[in-house]
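The values are calculated or read from the model by the stated rules, or taken from the named source; none is laboratory data. Quantities reported herein were computed from a predicted structural model and do not represent experimental measurements. All Cβ positions, glycine included, derive from the backbone under ideal geometry; neighbour counts span all protein chains shown. To get the accessible areas, we keep the full protein, side chains included, count just its heavy atoms, and leave off ligands, DNA and RNA. Shrake-Rupley method; radii C 1.70, N 1.55, O 1.52, S 1.80 Å.
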Amino acid sequence: MATYRGVAAVCSAIVQMLEDAYRADGFKNALTFTVCDAEQMVEPASGGITLFLYRIAPDASSRNRSRPEKGRQTPPLCLELNFLITSWGRDVVQEQRILGWVMMTLNEHPVLSAAKVNAAAPDVFEPDETVEIACGEMGADEMARLWDSLGSGSYRLSVPYVARGVRLG
C-alpha cells in the first residue's frame, strides 16, 4: 500500500512517464509537462500539457473487496484520481497533435508500476503495486462547469482521465 504521499506521487509519475516518452521531432517546439492546480491552469510559455487533479473519490470497485490486511485493523483506502489533461500550443493544430500524442502514449502505457511511481517519489508504493490509467468520463456540461470554475478564460482542448487502484494505508 502507498503512503499518504501516493496521490501526489501518481500525478508526478504520469507526467514523468509522458516526459520520458516525448520526442521533439513531431512538434515545432519543445513541450513542457506540468502537474498544476487551478491557479496554474494557464498556457505554458512554449506549449505542452498540464495535468490537473480535479477530484479524488473512493474506488467503488475496490471498496467492496477491501478487508483489513494481516496486522491491520482497517482496510486500505482505495482511491480513484480524476484528472484533466489539457493541451497547450501555438495553434489549434499543434494542440490537437499534442493531445493525440498524449492519448496514444497513455493508451500504450495503461499501467504504472510501483517502480515508475517510486522513481517520481521514492518509497511510496510497495514493489508489487500498480495503478491503472484510463480515459475518464465527463459530459459537456460537467466540462464546461469545471472550466468556468477555473476562471482562467475560455475552454481549452482537454481529456479526462482516471487513475484507479491507488491504495493508501
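Below are the figures for this structure:
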item	result
Criterion violated by R164 - all others in (1) within 14 Å of V15 (Cα to Cα); (2) open to solvent by 70 Å² or more (accessible area, probe 1.4 Å) satisfied	(1)
Some residue of the range 104-124 being under 19 Å from A30 (Cα atoms), out of contact with any Asp or Glu (no Cβ under 6 Å at 6 or more places or on another chain) and surrounded by fewer than 18 Cβ atoms within 10 Å (Cβ to Cβ)	yes
Those residues of the range 86-95 which are surrounded by 13 or more Cβ atoms within 10 Å (Cβ to Cβ) and either β-branched (V, I, T) or touching a Leu at 6+ places or on another chain (Cβ under 7 Å) (or both), in sequence order	T86, S87, E95
Verdict on A163 being among the aliphatic types (A, V, I, L, M) and without any contact (Cβ under 8 Å) to a residue 60 or more places away in the chain	no
Residue count, the range 59-81 (criterion: modelled with pLDDT under 90 and among the acidic types (D, E))	2
Top-ranked residue in the range 129-157 [being in a helix (DSSP H, G or I) and under 19 Å from the mean Cα position of the chain (by Cα); ranked as farthest from H109 (Cα to Cα)]	L150
Unmet requirement for R23, which otherwise passes all of (1) closer than 26 Å to M143 by Cβ; (2) without any contact (Cβ under 8 Å) to a residue 40 or more places away in the chain; (3) open to solvent by 60 Å² or more (accessible area, probe 1.4 Å)	(1)
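Here's the yes/no breakdown for (1) more than 19 Å from L53 (Cβ to Cβ); (2) modelled with pLDDT of 90 or more:
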residue	(1), (2)
F83	no, yes
Q94	yes, no
R97	yes, yes
T105	no, yes
E108	yes, yes
S113	yes, yes
V117	no, yes
A121	no, no
V124	no, yes
